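Q: Got a structure here, written out as structure tokens. Questions coming.
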Amino acid sequence: KSEIIKKSKHIIKFNFFKLNRQQLLKGKKILHENNLGNYKWYVSLHIREDKKAFYHNTRNANPKNYLKMINEITSRGGAVIRMGDKSMTPLPKINGLIDYPFSNFKSEFMDVFFAATSKFVVGTPSGFWTIARFFNTPLLLTNFIPHLDYYSFDKNCIFLPKLLINKQKKIISIKDIYSKNYFSHFTTTKQFKKNSLKIIENNNEELQGAVVD
């Protein structure tokens with residue numbers, strides 16, 4: 001597959017990555033060996049949790065807010081592969097949810113395999129969704145900051161940013177964020193604090209609605 005991007009008078013052609021037959025067979029074999037071969041489709045989910053870098057905590061999200069979303073996917077017959085490493089908060093046991101960081105088949109190969117073969121990828125402002133992007137896997141980007149990154153995506157992506165509340169305790173409208181460029185480039189905790197902005201995460205209902213879309 002390729003994507004044609006017209007910029008000025010130049011045409012840039014990007015050939016998306018694709019797993020070869022050997023890599024696909026290897027991944028499917030690992031799925032079968034771990035009793036995951038019966039799922040016809042699955043969604044990869046990565047929720048950023050960086051407990052160390054305080055200056056970028058604005059990009060984190062609460063995993064508990066994703067439980068309705070997970071149940072929505074599993075109720076439709078899909079599986080949810082929660083991506084990450086062992087520093088992640090363990091999720092409750094849900095039929096169809098695979099807490100992959102704590103599995104015995106966690107590997108760099110399977111990280112890429114899931115990014116490439118998922119029906120779509122649910123991401124946050126972290127590195128995992130970028131792997132999926134190289135394979136042209138559809139994206140649902142949640143709890144996203146900075147808002148300005150919206151312009152990096154195409155129709156193969158649903159973009160759900162965090163809300164911003166000013167010191168008058170009023171929500172800054174999405175229209176103002178984009179048309180007036182209010183705080184759209186902010187990424188760090190320091191920037192938001194300096195401007196007396198409170199950040200509100202996407203809630204359970206919003207995340208569930210986005211995954212239905």
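Q: Could you tally the net charge around Pro90, taking each other residue with its Cβ under 15 Å from the Cβ of Pro90, Lys/Arg +1 and Asp/Glu -1?
A: +3
Q: Could you provide, to the nearest whole Å², the per residue accessible area of region 125-213 with probe 1.4 Å?
A: I get 56 Å² per residue for this part.
Q: Okay, moving on. Can you tell me which aspartates and glutamates have their Cα less than 19 Å from the Cα of Lys52? Leave out same-chain residues fewer than eight positions away.
A: Answer for Lys52, where 19 Å is the Cα cut-off: Asp85, listed by chain and number.
Q: Turning to a different aspect of this structure: Take the residue pairs Lys29/Lys106; Lys155/Lys193; Lys51/Lys170 and return only those whose Cα atoms are more than 21 Å apart.
A: With Cα atoms farther than 21 Å apart: Lys155/Lys193; Lys51/Lys170.
Q: For Leu140, what residues show an amide H to amide H distance below 5 Å, using hydrogens built from the backbone and excluding near sequence neighbours?
A: Amide H neighbours of Leu140, under 5 Å, 5+ apart: Val121, Val122, Gly123, Ile158.
Q: I need the phi-derived Karplus couplings for region 59-70: 6.51 cos²θ - 1.76 cosθ + 1.60, θ = phi - 60°, integer Hz, Gly and Pro marked x.
A: Coupling constants for region 59-70: 8, 7, 8, 8, x, 5, 6, 9, 5, 5, 4, 4 Hz.
Q: Quick one: which residues, 5+ away or cross-chain, put their amide H under 5 Å from the amide H of Leu97? H built at 1.01 Å from N.
A: Result for Leu97 returns Val80.
Q: Separate question: Find, among the trypsin sites (Lys or Arg not before Pro) in region 132-181, those assigned to loop by DSSP (not H, G, I, E, B) with at most 13 other beta-carbon atoms within 10 angstrom.
A: Loop-located and lightly packed - Lys155, Lys167, Lys169, Lys170, Lys180.
Q: Another question, if that's okay. So, counting K/R as plus one and D/E as minus one, what does the shell of residues with Cβ under 12 Å around Ala210 add up to?
A: The answer is -3.
Q: Which value in nm describes the separation of the simple spin-label points at His185 and Lys119, placed 7 Å from the Cα toward the beta carbon?
A: Result: 4.0 nm between the two label points.
Q: Ok, one more. At what distance in nm do the modelled label points of Lys106 and Lys52 sit from each other, each positioned 7 Å from its Cα along Cα→Cβ?
A: With each label placed 7 Å out from Cα toward Cβ, I get 1.5 nm.
Q: Just check the chain against the gyration tensor rule for me: Cα atoms, a ≥ b ≥ c as the square roots of the eigenvalues, rounded for a/c under 1.5, and otherwise prolate or oblate depending on whether a/b exceeds b/c.
A: Cα axes put the chain in the oblate bin.
Q: If you roll a 1.4 angstrom probe over the protein chains with everything in place, what fraction of the accessible area of the chain belongs to carbon and sulfur, to the nearest %?
A: On the chain, the fraction of accessible area on carbon and sulfur atoms equals 53 percent.
Q: Quick one: in region 12-107, what % of C-alpha pairs are over 23 Å apart?
A: 37
Q: Quick one: which residues, 5 or more positions from Tyr42 or on another chain, have an amide H under 5 Å from its amide H? H modelled 1.01 Å from N in the peptide plane, none for Pro or chain starts.
A: For Tyr42, the qualifying residues are Ala79, Lys119.
Q: Mind telling me which of Ile30, Ile158, Ile98 comes out most flexible in a GNM of the chain, alpha-carbon contacts under 10 Å?
A: Sorting by GNM fluctuation, first place goes to Ile30.
Q: In addition: Per residue, how many Å² of accessible area does region 14-56 show with a 1.4 Å probe?
A: Ligands and nucleic acids excluded, the result is 76 Å² per residue.
Q: Let me ask something else about it. Report the label-to-label distance for Lys170 and Lys18 in nanometres (one decimal), using points 7 Å from each Cα along the Cα→Cβ vector.
A: With each label placed 7 Å out from Cα toward Cβ, I get 5.3 nm.
Q: Given a Förster distance of 30 angstrom, what is the FRET efficiency for Leu25 paired with Asn95, based on the Cβ-Cβ distance and rounded to 0.05?
A: 0.65
Q: Quick one: Karplus J couplings for region 23-35, per residue in order, coefficients 6.51, -1.76, 1.60, θ = phi - 60°, nearest Hz, x for Gly and Pro?
A: Going residue by residue, I get 5, 5, 5, 4, x, 5, 5, 5, 4, 5, 5, 10, 6 Hz, with x marking Gly and Pro.
Q: Still on this model: Provide the per-residue ³J(HN,Hα) series for region 191-206, in order, calculated from phi with Karplus coefficients 6.51, -1.76, 1.60 and θ = phi - 60°, each as a whole number of Hz, with x at glycine and proline positions.
A: 4, 5, 5, 4, 9, 6, 9, 9, 9, 10, 6, 4, 8, 3, 5, 5
Q: What does the net charge come to around Pro125 if you take all other residues with beta carbon closer than 15 Å to its beta carbon, with K and R at +1 and D and E at -1?
A: 0
The values are calculated or read from the model by the stated rules, or taken from the named source; none is laboratory data. Note that the coordinates shown come from a computational prediction; the quantities given were computed from them, not determined experimentally. Here Cβ is always computed from backbone atoms with ideal geometry, including for glycine, and neighbour counts include all displayed protein chains. When the accessible area is computed, the model is the full protein with side chains, heavy atoms only, and any ligands, DNA or RNA have been set aside. Shrake-Rupley method; radii C 1.70, N 1.55, O 1.52, S 1.80 Å.
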